[in-house]
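Every number here is computed from the coordinates shown, using simple stated rules; none is lab data. These numbers come from a predicted model, not from an experiment. Here the Cβ positions follow ideal geometry from the backbone for every residue, glycine too, while neighbour counts run over all protein chains shown.
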Amino acid sequence: MHISRSLTVPQAFLDLAQAMICHSDPARFALAYRILWRLQGERHLLDIPTDPDVARARKMEKSVRRDYHKMTAFVRFKEVPQDGPRRAFVAWFEPDHHIVARTAPFFQRRFTDMDWVIATPMGRSAWDGEALRCDDAPADKPDLSDDTDELWRTYFVNIFNPARLKVKMMQTEMPKKYWKNLPEAEMIPGLINGAEQRVREMADRLASDTAPRFNTRLHAKTQAKTHAKIHESVQSRS
Amino acid sequence: MKKTLKQRLAILSDAAKYDASCASSGTSKRDSLKGGLGSTEGSGICHAYAPDGRCISLLKILMTNFCIYDCAYCINRSSSNVERARFTPEEVVWLTLEFYRRNYIEGLFLSSGIIRNSDYTMEQMVRITRDLRVKHGFNGYIHLKTIPEASTKLIEEAGLFADRLSINIELPTDAGFEKFAPQKHPKNIRRSMGELKNAIDDASELTLQTRRKKHFVPAGQSTQMIIGADTASDATILGTSAGLYDRYRLRRVYYSAFSPIPDSSKSLPLIKPPLMREHRLYQADWLYRFYGFEIGEITAGRVDGMLDLQLDPKLSWALENRARFPVDVNKAEREMLLRVPGFGTKTVDAILVARAHKRLGLDDLGRLRVSLKKVKPFVTAASWSPARLIDRVDLRGMFAPPPQQMELL
Ligand code: SF4
């Protein structure tokens, strides 16, 4: 293939192509190449979001962006023992596209003061405080556990409001394919099944007639205060 | 017996779930490449979703659910028999950092019941944020719910460490306050909002020496209103929101469908949370902030001041203002394109770019992933004109969902 030396491309194409090549669809290269070729004659091609090639490319870009976003959201680090002052964490994640290298700088910016490795079927990224390393050799799923996951599950269970059950909404944003690597996801079926019962119980259990002791004391205090005030004002007047 | 950390986490996150906000976006961009832990990237990340469909972005907890106030709608009110607990500041710091390191969260959303007095409570909360930022170099997101009646000095200190401060007005009208939160003073809440707005304005001016903006509540302030606990109409609620946006430049007003709480007060309705109503209010709020609608326009066609539950407010406005349609996608101004049901702001921007290069037809709109079924009656495009469609008497029927039996609790 021969490309003339004077080939110029807009920055917008570079951004688009960089996202496209992460896509898992084998047709991505041919499409990127065709757009590059057409750009030589149609300089404003990328401004036409309704063009079929551009629309397809944008769709790929969007899918890669979403995958990137979900990876930054759903990676779960587990602590592993390590000598020395830095703490160490390992995560296992299964992305749809080739985004391990694309997401690595995000984790570096965020988790700078700890060592970490993210292993995926599409390669690994790792940071040790000095160098960020990425490869694309498929990794094996490590066997990991972390006690703090139990606290996280406790939080997940209790922040859920059973009176607002909206399972479909949850699943569009957190599709089931991610669940197996999310420590909190094992709680979901139980939460859904128990929701109605919990709401009914709340409805049945009307407000109790007795207030807690400290409330009674509080009332007594404020009443005493107002009493004292009245008393004062009465005295000062007399 | 003293409760374990896990037991207290259960109680104090349960108590926090009635706050709708979990947003962590719109703050300054930060990273830890020069030290510390954490980053903020402009748009926040939802790290999980609960089965209620809500995003979990922050560790949203109360410092304590003891409270000396007795607000009827609140699970923490002093007369409720709910189980009580309290975190030490160190425990909140530890939970935040350890959750953050495992990538469960973007940061902390801390609020609290009022113990002893407002200033004492606020002081403890400020200490937590100060420790996170100064002692532990935490660069993640912090949202602090300020305590009503806390002193200005404390709130200003909080602003140095927090990305966002909020104070919930909860009730849309002053009459609602008197009935349900007699110990709170709406006037003081508005005063706090005003003071915070001024402080944010001051900080956003460049300082002479450094030519940089002071770091002060970069994600601004927000508030929340409860929907359905009192009798305020949607028009009243949205009017209150508009006033808050304009006067105090709030970033967000959250709407929280009143939800039955355990051991709830007898003065409150025992209902299923009006989720659809809440959703419609968010949509109307969105139209006001991003689509150039006035609140009056949105609620004008509604005799009882309530939004149509069956149709979204934009569609409902369009049906009441049919004379302004169809809109020509190849010629109309941005303002009018924004009013077409089915066009979002991004779609409108894409249309404006694309039509400079070619005349757009329905197939082009389809490629912008617009729902053609929804927009067709309202637009003209290359070889498409809906002239008759807009006059159809059953137009509403084309969009409204089939009638459903009312669900009762
Ligand atoms: S002051 Fe806040 S925590 Fe206390 S009862 Fe009122 S709303 Fe609830």
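A few points about this structure:
- Within the same chain, aspartates and glutamates fewer than 8 places from B:K331 are excluded, and of the rest, those with a Cα less than 19 Å from its Cα are A:D47, B:D349, B:D363, B:D364.
- Here's how it looks for A:K78: its modeled amide H is under 5 Å from those of A:V90, A:A91, which are all 5 or more places away or on a different chain.
- If you wrap the tightest convex hull around every Cα atom of chain B and split its volume per residue, you get 177 Å³.
- Principal-axis tilt of helix A:52-74 within chain A, Cα atoms, nearest 10 degrees: 40 degrees
- Comparing B:P262, B:P51, B:P377 in a Gaussian network model of chain B where C-alpha atoms under 10 Å apart are linked, the largest mean-square fluctuation is found at B:P51.
- Relative contact order (percent, whole number), chain B, Cα cutoff 8 Å, 6+ residue spacing: 11 percent
- Candidates B:A16, B:A219, B:A323, ranked by Gaussian network fluctuation over chain B, Cα under 10 Å, top entry: B:A323
- When you filter the trypsin sites (Lys or Arg not before Pro) in the stretch B:310-341 for DSSP loop state and at most 14 other Cβ atoms inside 10 Å of their Cβ, you are left with B:K331.
- Dipole magnitude for the protein assembly as shown: about 700 debye, using +1 per Lys or Arg Cβ and -1 per Asp or Glu Cβ, origin at the Cα centre.
- Between helix B:345-354 and chain B: long-axis angle, C-alpha atoms, 0 to 90°, nearest 10: 50 degrees
- Label zone (B:L372, point 7 Å along Cα-to-C-beta; backbone nitrogen cut-off 13 Å) within the stretch B:325-365: B:361-365.
- Stretchable slack from B:K6 to B:S385, in nm (0.36 nm times residue separation minus alpha-carbon distance): 130.2 nm
- Take every DSSP beta bridge whose two residues both sit in chain A; close to 70 percent of them are antiparallel.
- When the Cα positions of B:I271, B:N81, B:F161 are compared along the charge dipole of chain B, B:F161 comes out farthest toward the positive end, with charges on each C-beta of Lys, Arg, Asp and Glu.
- Rg(Cα) / (2.2 N^0.38 Å) computed for chain A, rounded to two decimals: 1.65
- Signed unit charges on C-beta, dipole axis of chain B, positive-most listed residue B:G194, B:I105, B:L238: B:I105
- DSSP beta bridge pairing in the protein assembly as shown, given as percent antiparallel to the nearest 5: 35 percent
- Antiparallel %, DSSP beta bridges [both residues in the stretch A:75-135], to 5: 70 percent
- The lysines within cross-link reach of B:K314, meaning a Cα-to-Cα straight distance under 19 Å and a gap of 8 or more places when in the same chain, are B:K346, B:K373, B:K374, B:K376.
- Temperature 4 °C, viscosity 1.567 mPa s: under these conditions the Stokes-Einstein estimate for the protein assembly as shown, based on its Kirkwood radius over C-alpha pairs, is 47 µm² per second.
- Partnerless cysteines, meaning none of the other Cys C-beta atoms lie under 4.7 Å away, in chain B: B:C22, B:C67
- Gaussian network model of chain B, springs between alpha carbon atoms under 10 Å - residue of B:S385, B:S25, B:S78 with greatest fluctuation: B:S385
- Sequence-separation-based contact order of the stretch A:130-197, relative, with Cα cut under 8 Å and 6+ spacing, percent: 42 percent
- Charged-residue dipole, Cβ positions (Lys, Arg, Asp, Glu), the stretch B:322-399 about Cα centre, Debye nearest 20: 120 debye
- Across the stretch A:1-138, Cα-Cα pairs more than 18 Å apart make up 61 percent of the total.
- Ranking A:L45, A:H219, A:M122 by how far each Cα lies toward the positive end of the dipole of chain A (charges on Cβ) leaves A:H219 at the top.
- Here the stretch B:312-327 is scanned for amide nitrogen atoms under 16 Å from the site 7 Å beyond the Cα of A:T172 along Cα-to-Cβ, giving B:312-313.
- The loop-placed chymotrypsin sites (Phe, Trp or Tyr not before Pro) in the stretch B:49-97, going by DSSP, include none that has at most 16 neighbouring Cβ atoms within 10 Å of its Cβ.
- Note on the stretch A:75-135: Cα convex hull, mean projected area over all directions, 3.9 nm².
- Rh by Kirkwood over Cα pairs, then Stokes-Einstein D for the stretch B:89-221 at 1.567 mPa s and 4 °C, µm²/s: 82 µm²/s
- When Rg and the Kirkwood radius Rh are both evaluated on Cα atoms of the stretch B:322-399, their ratio Rg/Rh stands at 0.94.
- Here the contact order of chain A, divided by its residue count and restricted to Cα pairs under 8 Å and six or more residues apart, works out to 11 percent.
- Anisotropy class of the stretch A:136-184 from Cα gyration tensor, a/c 1.5 cut: oblate
- Dipole magnitude for the stretch A:9-81: about 260 debye, using +1 per Lys or Arg Cβ and -1 per Asp or Glu Cβ, origin at the Cα centre.
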